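This report refers to the structure that appears directly beneath it.
Derivation of every value follows stated rules applied to the coordinates shown; laboratory data play no part. Quantities reported herein were computed from a predicted structural model and do not represent experimental measurements. Methodologically, a virtual Cβ is constructed for each residue, glycine included, from the backbone with ideal geometry; neighbour enumeration extends over all protein chains shown.
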Amino acid sequence: MIDPTIRDPDISYVRKIGNGMAVYKFWDSLSSFLFTIPFLVCFVLFLVAPLIFGVIISLHAWNPLVGGGPFVGLHNYTQLFRLSTLTGHDFWLGFANTAIFVCISVPLLMVIPLFLAYLIFRSPLKSLFRPILFFPTVLSATAITTVWDFLLQTQNGPR
């Protein structure tokens, strides 16, 4: 049986605050939204707006030097997907080259490194391999720091 004299700390907290709990939830959700505003601004500015602009100019005979142009609707897309046109031929050639590149590079850049990482993870010499693999990261930061330290010296720097 549950002892009615023992109180759950969360329940007593809610009872103590009473109506203030709703205010707390409002400010908590508002602060969460305020922290997402910089991301939302960048998302709209760098992803949504260019996407919408790209769709708009694809429906016009757009000239980047003059700007604007007459509305042509889906004519640009019909020209693009026809093999008989020069643009259509270049599009499908580029599409085929991209597909071949993706089919070759994704397995090479995903499967082989994953397999090598698994071998290193299972290796008894993993304490030796980890510094060797991390060394280029540290070395590049050290080299950049050394070069900037030399460039910014007032006494012995470059003149």
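Computed quantities for the displayed model
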{"quantity": "Alpha carbon centroid spacing (whole Å) that separates the stretch 116-159 from the stretch 46-115", "calculated": "39 Å"}
{"quantity": "For the stretch 77-116: rounded, prolate or oblate by the Cα gyration tensor [a/c cutoff 1.5]", "calculated": "prolate"}
{"quantity": "Computed lengthening from residue 90 to residue 154, 0.36 nm per intervening residue step minus Cα-Cα distance", "calculated": "17.5 nm"}
{"quantity": "Residue 72 long-range amide H proximity, modeled H, under 5 Å", "calculated": "60, 61"}
{"quantity": "Additional length obtainable on full extension of the chain from residue 129 to residue 106, 0.36 nm per residue less Cα span", "calculated": "5.8 nm"}
{"quantity": "Length-normalised contact order of the stretch 63-159 in % [C-alpha pairs under 8 Å, at least 6 apart]", "calculated": "8 percent"}
{"quantity": "Gain on full stretching of the segment that runs from residue 119 to residue 143 - 0.36 nm per residue minus C-alpha separation", "calculated": "5.6 nm"}
{"quantity": "Förster-model FRET efficiency, 30 Å R0, residue 56 and residue 81, C-beta, rounded to 0.05", "calculated": "0.90"}
